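First up is the structure itself, then whatever we jot down about it.
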Amino acid sequence: MSAPQLSVLFFLQMFVILAACRLVGAAARRVGQPLVVGEMVAGVLLGPSLLGLLAPGAQAALFPPESLKVLFVTAQVGIGLYMFFVGIEFDVEVFRRQMRSAAAVSLAGMIVPFALGAALAPWLMQMPGLFGEQVRSHEAALFLGAAIAITAFPMLARIIYERGLAGTQLGTLSLAAGAMGDAVAWCVLAVVLASFGGGAVVAVKAIGGGVVFTVLMLTVGRLLLTRLGAAAERDGRLTPTMLSTCLMLLMLAAWATDAAGIHAVFGGFLLGVAMPRGLLTRELQRDLEPFTVVFLLPMFFTYSGLNTRLDMVNSLPLLGVALVVLAASCLGKFGACWAAARLTGSDNRLALAVGALMNARGMMELILLNIGLQKGIIQPPLFAMLVLMAVVTTLMASPVFELVYGRHARAEGKLRETPPVDD
């Protein structure tokens, strides 16, 4: 397919993606789900799980394999830019006050579900067609543990934003714990890839590079960015030069973390955290955030949905395995995060809310699973089971959150009302 043909097709793809995400997102809002959950489901519906079953010819013509590379790259720009704005909303002072709680929630939310996933691996390895033939038991345990322990960091950020939790104690605690937990999960994945043939350099680069980047960004980077913020305050506006500088820095940060092996979202997030608060960040949000959320972010969900085959769970034994994986995921993540929050001083309602939010897996799970599938660590049936777990835990997050925290907080005036569907 030539470049002009890809260009023509891309415009049609974007029309379908935006229309589907808007329609399904609006339907999701009407049943109490965040818009982002509807966009995630819309991405799955546009893939082989529904459109590919009902109209395989149309789905193949609309999303041919040659076009997916363009969609993938654009999706990475969207998710990186979105996480930049999440970082801007991140309240560092609240995080410092809650460092102990965030670390405890993150640690518990990793160790317990990771242990449950690792314990399930030997049983699943006895079933043919779930793991790759060359996968050894410790590799299977590490990968499955990471897959069950991961949190949907971008999805969590979007839910927190839509629920009016950005900058609050609950929102900051959940985001901080989610960020730390997902960073650890990506480091574990790097170890798996290293043992699976990538070499030790893969793990060293991911862990060492991530630590170095974080330290530099939050020390030297923050100091240099302060000058940019001061220039914006002095001029009283965001100039085109300032805007282009911020976008260049975002691309550089995304490249650094992606090249290190811990995904571009962390580069965007850390740059946002390091940005000086004031006129500069307010103008960036006003100029770029609506376009990012409405236009770019749906591509991320659609690309992941195009790689999802829920029809692979097509027998009672496989469905039984999927239910066991789902139960282990929910009990491990929700229970561990709730217990850790309680032990570090949070009241029961806040701790339950943390557990509900941290239990969502979403798109970070799909990214990790796609890597595992591409590298031959897992096979399509196990991929489908874990995708099903990701979808169900993400769908659970909002109703459980509302049940244990949201409705009570709104009644007490601690939480704003959910925006209308057509906001």
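Each reported figure results from applying straightforward, stated rules to the coordinates on display, with no laboratory input. Please read all numbers here as calculations on a predicted model, not as lab measurements. In this analysis, Cβ positions are derived from the backbone assuming ideal geometry, glycine residues included, and neighbour counts consider all displayed protein chains.
Amide H of Phe131 versus every other amide H placed in the peptide plane: which residues, excluding those fewer than 5 positions away on the same chain, fall under 5 Å?
Those lying under 5 Å, H to H, from Phe131 are Gln379.
So what are the three principal axis dimensions of the range 30-186 from its Cα atoms, in whole Å, longest to shortest?
Computed over the range 30-186, the largest-to-smallest principal extents equal 54, 39, 31 Å.
So if a site counts as exposed when it's one of the GluC sites (Glu not before Pro), its DSSP state isn't H, G, I, E or B, and it has at most 16 other Cβ atoms within 10 Å, what's the longest stretch of the chain without one?
Answer from the scan: 134-411.
May I have the count of lysine pairs in the chain with C-alpha atoms under 26 Å apart, counting pairs 8 or more residues apart or located on different chains? Could the numbers behind the result be given before it?
Numbers: Lys69/Lys205; Lys69/Lys375; Lys205/Lys375; Lys333/Lys414.
For the chain, the number of qualifying lysine pairs is 4.
With a cap of 16 neighbouring Cβ atoms within 10 Å, and only residues DSSP puts in a loop, list the trypsin sites (Lys or Arg not before Pro) found in the range 70-141.
Arg136
So which trypsin sites (Lys or Arg not before Pro) in the range 234-327 are both in a DSSP loop and have at most 12 other Cβ atoms within 10 Å of their Cβ?
Details: sites: Arg234, Arg237, Arg277, Arg282, Arg286, Arg309; in loops: Arg237, Arg277, Arg309.
Here the trypsin sites (Lys or Arg not before Pro) that fit, given the DSSP loop and packing criteria, are Arg237, Arg277.
Bin all alpha-carbon pair distances of the range 204-253 at 10 Å intervals from 0 and give each bin's fraction as a whole percent.
Once binned at 10 Å, the Cα pair distances of the range 204-253 give 22, 44, 24, 9, 1.
Looking at the range 100-161, which chymotrypsin sites (Phe, Trp or Tyr not before Pro) are DSSP coil and have at most 11 other C-beta atoms within 10 Å of their C-beta?
Nothing satisfies the criteria.
On average, how much area does the Cα convex hull of the range 278-401 cover when viewed from any direction, in nm²?
Averaged projected area of the range 278-401's Cα convex hull equals 10.6 nm².
Starting with the fewest neighbours, write out Lys205, Lys69 ranked by other beta-carbon atoms found within 10 Å of each beta-carbon. Write out the running numbers ahead of the final one.
Working: Lys205 18, Lys69 10.
The most exposed by this proxy come first: Lys69, Lys205.
Rounded to whole Å and ordered largest first, report the semi-axes of the equivalent ellipsoid of the range 3-411 derived from its Cα gyration tensor (root of 5λ).
Sorted largest first and rounded, they come to 31, 26, 22 Å.
On alpha carbon coordinates alone, what is the Rg over Rh value for the range 32-88, Rh being the Kirkwood radius?
On the way: Rg = 14.1 Å, Rh = 13.1 Å.
Checking Rg against Rh, the ratio lands at 1.08.
Give the dimensionless ratio obtained when the Cα radius of gyration of the range 269-332 is divided by 2.2 N^0.38 Å.
Rg over 2.2 N^0.38 Å, computed on Cα atoms: 1.88.
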